[in-house]
Amino acid sequence: MTNKNILIIGSSGGIGKAFANFYSQDPNNKIIGLSRSQENFEESLYANHYIDLEKEDTIENAALTVSEHSPFQLIIIASGILHAENLAPEKSHKHISAENFKKILNVNTIGPALVGKFFIPLLDSHSPSVMAFLSARVGSISDNRLGGWHAYRSSKASLNMIIKNFSLEVSRTNKQASIIGLHPGTVNTELSKPFQKNVAESKLFSPEFSAGAMAKVIDNLKQEDTGSVLAFDGSKIES
C-alpha cells in the first residue's frame with residue numbers, strides 16, 4: 001500500500017505504532033494517528049490527534065479533525081483492552097463484574113462501533129479502501145474450547161458482528177470499501193504481557209512481525225473477504 005492516506009486509531013499502542021512504522025517506510029504515505037496519548041511519533045506520523053473510545057464526542061471530533069486528510073484508503077482500529085488496574089480476564093463466572101464488563105465492552109465493542117459511525121464516510125469510494133478492526137481468535141464462538149475470559153470474548157464476538165453488519169451496509173453505498181477484522185496473533189505488548197508465560201516462543205510475535213503480516217493480509221484482500229475476520233496468516237476465523 002503506497003502513496004495512500006492512512007489513519008491509525010490507537011497509534012500509541014504497540015501494534016498501532018508498529019503499523020505506523022511499517023507504512024512510513026514509503027515516504028509517499030501520509031499517516032495520521034489518533035490516540036489518547038498526546039505523544040507525537042514524528043518519524044512515522046504526519047499528525048497525531050486525540051481520541052478516547054469511551055467518549056463519543058471525542059470520536060466525532062476526531063473524525064471532523066482528520067476529515068481534511070480524507071478520503072482514506074486505509075483505516076486501522078488498533079485499540080483494545082484486556083486488563084487494567086483492578087481488571088483482569090475472568091477465570092470463572094464467579095469473577096464476572098458488571099463494572100468491568102461494561103469497561104471491556106465500551107473499549108472493545110461500543111467504541112469501535114462509534115468509530116464506524118463517524119469514520120466510514122471518510123473511506124475512499126473511488127479507489128479500493130479498507131477499514132480494519134483488530135479482533136481476536138477468542139471472539140470465535142465455534143472455536144471456544146476453554147471458556148473463561150467472559151467479557152473479553154463477548155466483546156470481540158460482538159465486534160465481529162459489528163464488522164459483518166458494517167460490511168453489508170457499506171457494500172450498498174461504497175463498492176470500493178472492505179470492512180474486515182484482523183487477528184494479530186499473540187503479540188509481545190502490554191495487552192498480552194501478563195499471559196505470555198504459557199505461550200511458546202515461536203508463537204509470541206513482535207509487534208513489527210504482526211503488523212507486517214497483517215499488512216500483507218490487507219494487501220491481498222479480495223472483495224469477497226469483506227465482513228470476515230482474518231488471522232495474521234490470511235486464514236479465515238469462523239464466527
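The values are calculated or read from the model by the stated rules, or taken from the named source; none is laboratory data. Keep in mind the model is a prediction, meaning the values are calculated, not measured. Here the Cβ is made from the backbone with ideal geometry for all residues, glycine too, and neighbour counts use every protein chain on show.
What the table shows:
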| read-out | value |
| --- | --- |
| Tabulated pairs, segment 196-212, first of a type outside the set (F, W, Y), second assigned to a strand (DSSP E or B) and at pLDDT 90 or above, C-beta under 8 angstrom, 6+ apart or interchain | none |
| Meets criteria (touching a His at 6+ places or on another chain (Cβ under 9 Å), without any contact (Cβ under 8 Å) to a residue 60 or more places away in the chain and surrounded by fewer than 19 Cβ atoms within 10 Å (Cβ to Cβ)) for F118 | no |
| Residues of segment 129-149 classified as modelled with pLDDT under 95 and over 19 Å from G14 (Cβ atoms), total | 11 |
| Any hit, segment 213-226, residues being modelled with pLDDT of 85 or more, part of a strand (DSSP E or B) and within 21 Å of V138 (Cβ to Cβ) | no |
| Filter result for L122 (more than 26 Å from A157 (Cβ to Cβ) and aliphatic (A, V, I, L, M)) | yes |
| Strands (runs of 3 or more DSSP E) (entirely within segment 1-104) containing at least 1 residues that are modelled with pLDDT of 95 or more and closer than 22 Å to L159 by Cβ | 5-9, 30-35, 74-77 |
| Pairs where the first residue, in segment 1-27, is on the phi > 0 side of the Ramachandran plot and small (G, A, S) and the second is assigned to a loop (DSSP other than H, G, I, E, B) and modelled with pLDDT of 95 or more, C-beta under 8 Å, 6+ apart | G10/A78 |
| Residue that is farthest from the chain's Cα centre (by Cα), among those in segment 79-102 that are surrounded by 18 or more Cβ atoms within 10 Å (Cβ to Cβ) and under 22 Å from T186 (Cα atoms) | E90 |
| Segment 139-156, residues that are aliphatic (A, V, I, L, M) and either within 14 Å of E54 (Cα to Cα) or surrounded by fewer than 19 Cβ atoms within 10 Å (Cβ to Cβ) (or both) | I141, L146 |
| Candidate set from segment 4-36 (those that are of a type in the set (S, T, Y) and touching a Phe, Trp or Tyr at 6+ places or on another chain (Cβ under 8 Å)); member that is surrounded by the fewest Cβ atoms within 10 Å (Cβ to Cβ) | S12 |
| Residue identified as among the β-branched types (V, I, T), within 13 Å of S228 (Cα to Cα) and modelled with pLDDT of 95 or more among I162, I120 | I162 |
| Failed item, numbered, when V107 is tested on (1) over 13 Å from the mean Cα position of the chain (by Cα); (2) assigned to a helix (DSSP H, G or I); (3) not acidic (D, E) | (1) |
| Candidates L34, L87, L74 - the one that is closer than 20 Å to L123 by Cβ and touching a Lys or Arg at 6+ places or on another chain (Cβ under 8 Å) | L74 |
| Any hit, segment 63-77, residues being closer than 25 Å to G14 by Cβ, without any contact (Cβ under 8 Å) to a residue 24 or more places away in the chain, surrounded by 17 or more Cβ atoms within 10 Å (Cβ to Cβ) and under 19 Å from the mean Cα position of the chain (by Cα) | no |
